[in-house]
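The values are calculated or read from the model by the stated rules, or taken from the named source; none is laboratory data. Quick caveat: nothing in here was measured; it's all calculated off a predicted structure. Cβ placement follows ideal geometry from the backbone for every residue including glycine, while neighbour counts extend to all protein chains displayed. Protein only, heavy atoms only, side chains kept; ligands, DNA and RNA dropped before computing areas. Shrake-Rupley method; radii C 1.70, N 1.55, O 1.52, S 1.80 Å.
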Protein chains: 2
Amino acid sequence: MKASIAKARVVIENVRPVIDHGAFAVKRVPGEILEVKADIFGDGHDVVSAFLLFRKKGQKSWQQSIMHEIANDEWLGHFITGEPGEYEYAVSAWIDNILTWHHGFVKKADAGESLLVELQTGAGLLKKLAATCKDADKKYCLETAALFESAEHYNEAVAVVRSAQFEQMICSIPLRENESISQILPLVVERKKAVFSTWYEFFPRSASQDKKRSGTFKDCIALLPHVKGLGFDTLYFPPIHPIGVAHRKGKNNNTVSKPGEPGSPWAIGSHLGGHKSINPELGTEADFVELVQAASALGIDIAMDLAYQCSPDHPYVKEHPQWFKWRPDGTVQYAENPPKKYQDVLPIYFENEDWKNLWEELKSIVEYWIERGVTIFRVDNPHTKPFIFWEWLMSEMRKDHPEVIFLSEAFTRPKVMARLAKVGFQQSYSYFTWRQTGAELQKYVEELTNTELRDYFRANFWPNTPDILPYYLQNTGHSHSAIRFVLAATLASSYGMYAPVFELLVNEPMPGKEEYYNSEKYEVAHWDWKSHTPLRELISKVNAIRHEHSEFHTMHNVMFCKSDNENMLSYLKINANSDSGFLIVVNMDPVHRQSCWLQLPETFMNAHNGESLLLVDLLDKSHYNWNRQWNFVELDPRLVPAHIFRVKLNR
Amino acid sequence: MKASIAKARVVIENVRPVIDHGAFAVKRVPGEILEVKADIFGDGHDVVSAFLLFRKKGQKSWQQSIMHEIANDEWLGHFITGEPGEYEYAVSAWIDNILTWHHGFVKKADAGESLLVELQTGAGLLKKLAATCKDADKKYCLETAALFESAEHYNEAVAVVRSAQFEQMICSIPLRENESISQILPLVVERKKAVFSTWYEFFPRSASQDKKRSGTFKDCIALLPHVKGLGFDTLYFPPIHPIGVAHRKGKNNNTVSKPGEPGSPWAIGSHLGGHKSINPELGTEADFVELVQAASALGIDIAMDLAYQCSPDHPYVKEHPQWFKWRPDGTVQYAENPPKKYQDVLPIYFENEDWKNLWEELKSIVEYWIERGVTIFRVDNPHTKPFIFWEWLMSEMRKDHPEVIFLSEAFTRPKVMARLAKVGFQQSYSYFTWRQTGAELQKYVEELTNTELRDYFRANFWPNTPDILPYYLQNTGHSHSAIRFVLAATLASSYGMYAPVFELLVNEPMPGKEEYYNSEKYEVAHWDWKSHTPLRELISKVNAIRHEHSEFHTMHNVMFCKSDNENMLSYLKINANSDSGFLIVVNMDPVHRQSCWLQLPETFMNAHNGESLLLVDLLDKSHYNWNRQWNFVELDPRLVPAHIFRVKLNR
């Protein structure tokens, strides 16, 4: 055993946040606070000091901030995260011999005991401390030590020990001997958009405003002002690659297609190319790059679909047959994601002997599009590909392309979804789509924000997707969609919608299924992109509020309020150290006017010390003054199903 | 990356029990069950199989037992622990290609699809499996593969796949390809006494039945039948080494002693020797060894006090001055454990440069007494010595002396006590001494048995010690002590008492303190060892019940019952898979008769399906028949404050 270990008398346990014992990184974006807690204690009764250490990965020296004991040997420290990149943090603690001596000195002084020996001991410690510091500090230590040693200055020396200046010095320049250091834990800081993003999804082939032809990237460029006008910052397209011919799907998921049917964009690859090619019906690669740049000029990122799977016509099938699992009859079993069957898609066989080349090729697809300006990928069914592959891909990306965001499209079991987030997906589709009542939503949001998920799982709330038309929305009018929209947009800092069907209230289902009838997955559609509708107006208003107010740029600040009507869901969003914030109240009943008494949380009211609150509804500009804990609210879903109150102290 | 990692598609997370990420060993005794849980899942929809692996440390090959999914990707496995020693366990899991194929086969067969290709695939898998097994299994695999491949036996082949024999075979001889293995976690199996022990403490110098002289080891030998008669299996003595003269304490902790006063046994060391010597007033080393052997013959272990500290006269002070922390005036600060001051004791300075020799010497003390037959040590104030030293000492002991038990005498903050248990102390003093109400006790016992403490912290319940006469017992009669005794002896599998003051109801305190007046720590006493008293009778009865019934040999089986009177604490102790057990009811009020309706837990009643229960109180032999969930009980503390019911199904 090394002396440095044998002499380290402080125990550091249970450093947190920590994900799987440190196997995976805690996630933050720039300017967020990382609060670190640890259990720290020494043997005996000596005084312990502790620092939180942090550094960019690869650096040798640490930055540090002091930690304080909360209670019962639990300590807290924090730092504010910097620019995107990989970081590390740890806790350092030691028996502070000077503070221990100072503590004993003061006790003896109070008891009127002689302090001669104590002054001698203090002089020795100060000389040790002097050896660790420079300039003015060193001088102060040495002069003070000399004072302690000179018998004729006894009273002066005692007064110095008891001075505030001296105490401040020994706290700020600690004597770190026999230091204990905890396990070093990983942190990744990602761009702000990893937390705050507003997604809009449509099929480029449905972008044409000319009903006689299907849409192209040029049509998409023409729609960018529409997207911008609604307030979205991320425009996501289903795959834009050549579509296979073999087993092409027909209208409404028919396993047989008629000539001229366009097929599912997820059946990627044909004689025209694979994942690095563009479906010529949409345009050229140059058109696509032009679109990416035009969007970027408006502050919109184009998000690309990353679906690692192949149509039977994909060039890989001939060029790399070893990447597929062939059956004794020379066929490959088509892909499934029960209960869905993808007869037009072959899965990749990840356990093949040529896996290294396969992984590199899959990575090169991402890099290909990064080079063309794409930095956001929505990953199709990642839970049907090995976790270890994603872990590798994400770590490669963190090193070379820290700006890239991957959204995990895994609607599956909780631990599987969580694992994908742990291995590095920056965002994840969520159960929001199926959380309908206020109680369900509160429970789910509290799970996302108050459990360990908080540190690595960033939920993206979607009321609908091309794959999912939830029963709740089927064959309904404005208020159902408005409720789901407001909930997604105000509960989560990232949300998205499959459009324009959502805003146009197009919601006829396949009977008995949570799927769209005449789904755009299998056919081209033409939409009214221009009409002003109440839902479009609500979407632009709420997105503008989200954009303007930082309370909506995190999900971690949601605090639910009690109400006496389960149909009325209400929650505060208040940032730390702020004396204003938001109160959102949603009538969950799409049919009836509902009212409730709702309670502002005691902590919140206490913080405001009974002062009266000014509430301004940013949707209808109405004003209210509240000065009690319980307050009355009423909402008619046929008008607007929610209040979005800006709450301020009425000073 | 290795192919074995890249191809392993199963994730194993959150293997538990686990202590501090595997830094410390989970503890068991022989024959206990280690239940291991883990979160296990693969990508996609293939069938996963998992084994729990375990082995003695140092062995290469694993034993294994199959794990089963409970729900939601959480799996469970278990094994029964063997002889004392160091063990390891881990979880192994893999995508089971044969089970996956079988699952698909049955689905297709049910759907009436052609199975020709499936049979070919199955034949290939069986040939792979054949390569991993021998003899009859190998033959069966190869013959079955041949059958699958022969087109003319199609129907027979299909029937084989669907047969129970085939399914059993592919479950019991799994095809383990691309296996994932979790972190390997440590387990230590210790002798049964680490969990089940009954302690009796007295001062050997008070063992004399001749009032004219102080006690010796020979007097202790004469008292062994008394100890045995009361039912104790562990006899613990305060230190038996020479006592220092400098700063010797007088009666009632006086900092000045009169000539002839014996001093505190914890002021170890004089010109007569140190920790490897015997106080000549007690006898010789040969006398001590004779005592150890005589006790052993009666099934009693002698437990020795291990107090790593020195009187100023200890030989170490002159021989190894570097092991003490000298102040500028040439003195050493005496030991403290606030608020207690030990003016007659010097602490050891563990951070000294000669720490290696110090550690070896301290270890040699333990080994010295192990060689003389001692295998149990009660360690004095371990929390005032470095945790890293204990961690090292305990690991040395686990290797060379796995039979040795250390009891941690740390009455301090929870995390400090827990850390000592983690680093290896087999038993720990506990907060029982200050948990007085039924609600307090239930909460504490549930913390010990239902949290992670369960796996490493073995509480020893003491109603009193030479250092602690709790307020509850001060100046009280029989029923107070009887209540505390019954609680300690039936809630905990290890408990102890400082005697014979406890059984003789000697409980006069130092006014205002939780300390004994005329404490034996500072003087010699003479006691009545012979009278039969109600408390002595109760102690022997309860210890006999504890000894006879395995329900009392663990603390983990305590299950509290609801009652409508907070003064009536009731709890079941039932071992897993047993249809009988114990119900203990204690009247916590030492003064008044109390009664209650108590509820047997629903799980317990359900398990017994409404059958009637026979209850026999092993204290007074009374019989009861219960067939309802709620039942009436009454107890008079002046008679006996508890029922100890043996509960059996009345079949």
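In a DSSP loop and with at most 10 other Cβ atoms within 10 Å, there are no GluC sites (Glu not before Pro) in the range B:549-633. Rolling a 1.4 Å probe over the heavy atoms of the protein chains gives the protein assembly as shown an accessible area of 41 Å² per residue.
Normalised by the number of residues in the range A:558-649, the mean separation of alpha-carbon contacts (under 8 Å, six or more apart) gives a relative contact order of 33 percent. Between the alpha-carbon centres of the range A:504-525 and the range A:83-145 there is a gap of 72 Å. For chain A, the share of alpha carbon pairs falling in successive 20 Å distance bins from zero is 16, 41, 27, 12, 3, 0 percent. Distance distribution P(r), the range A:94-200, all Cα-Cα pairs, bin width 10 angstrom from 0: 13, 38, 20, 9, 9, 7, 3, 1, 0 percent. The local environment of A:ILE40, defined by Cβ-Cβ distances under 10 Å, has a net charge of -3 under the rule Lys, Arg +1 and Asp, Glu -1. For A:TYR89, the residues whose amide H sits under 5 Å from its own are A:LEU185, A:LEU187, ignoring neighbours fewer than 5 places away on the same chain, with H placed 1.01 Å from N. For the listed residue pairs B:LYS258/B:LYS340; B:LYS56/B:LYS192; B:LYS56/B:LYS573; A:LYS107/B:LYS251, the alpha carbons are over 25 angstrom apart in B:LYS56/B:LYS573; A:LYS107/B:LYS251. Express in whole angstrom the spacing between the alpha-carbon centres of the range A:624-649 and the range B:164-179. The range A:624-649 and the range B:164-179 have Cα centres spaced 62 Å from each other. For the B and A pair, go ahead and give the buried accessible area with a 1.4 Å probe, both sides summed, in Å² to 100. The contact between A and B buries close to 4700 Å².
Taking every alpha-carbon pair within the range A:333-464, the share separated by more than 18 Å comes to 60 percent. For a distance above 14 Å, tell me the whole-number percent of Cα pairs in the range A:215-295 that qualify. Above the 14 Å cut-off, the range A:215-295 has 66 percent of its Cα pairs. Here the gap between A:ALA286 and A:SER612, fully extended at 0.36 nm per residue and compared with their Cα-Cα distance, gives a gain of 111.5 nm.
Take every Cα pair under 8 Å whose residues are at least 6 apart in sequence, average their separation, divide by the length of chain A, and the relative contact order is 11 percent. Distance from the C-alpha centroid of the range B:1-39 to that of the range A:543-609: 42 Å, rounded to the whole angstrom. In loop segments of the range B:1-68 as defined by DSSP, the trypsin sites (Lys or Arg not before Pro) with at most 15 further C-beta atoms inside 10 Å of their C-beta are B:LYS2, B:LYS57, B:LYS60. When the alpha carbon coordinates of the range B:33-131 are projected onto the principal axes, the ranges are 57, 33, 21 Å, largest first. Extent along the principal axes, Cα only, for the protein assembly as shown: 120, 88, 59 Å, with the longest axis given first. Put simply, the amide H of A:VAL29, placed in the peptide plane, has neighbours under 5 Å in A:GLU190, leaving out anything fewer than 5 places away on its chain. Between the beta carbons of A:GLU440 and A:LYS325, assuming R0 = 35 Å, the FRET efficiency works out to 0.30 to the nearest 0.05. Each listed q (0.12, 0.24 Å⁻¹) maps to a log10 I(q)/I(0) for the range A:558-649 from the Debye sum over equal C-alpha point scatterers, namely -0.33, -1.32. For B:TYR624 and B:GLU447, the FRET efficiency from 1/(1 + (r/R0)^6), where r spans their Cβ atoms and R0 equals 35 Å, is about 0.65.
Based on every Cα atom in the range A:1-74, Rg and the maximum pairwise Cα distance Dmax equal 14.4, 41 Å. For a Förster distance of 22 Å, can you work out the FRET efficiency between the beta-carbons of B:ALA146 and B:LYS108, rounded to the nearest 0.05? After rounding to 0.05, the efficiency reads 0.50. In the range A:488-638, inverting the average of 1/r over every pair of distinct C-alpha atoms gives 17.9 Å as the Kirkwood radius. Debye sum, Cα scatterers, the range B:264-317, no solvent: what log₁₀ I/I(0) at q = 0.16 1/Å? The computed values of log10 I(q)/I(0) come out as -0.54. A Cβ-based charge dipole, computed about the Cα centre of the protein assembly as shown with Lys and Arg at +1 and Asp and Glu at -1, lands at about 120 debye. Run down the aspartates and glutamates and flag those whose C-alpha is under 18 Å from the C-alpha of B:LYS530, throwing out any fewer than 8 positions away in its chain. Qualifying aspartates and glutamates at Cα under 18 Å: B:GLU201, B:ASP210, B:ASP219, B:GLU503.
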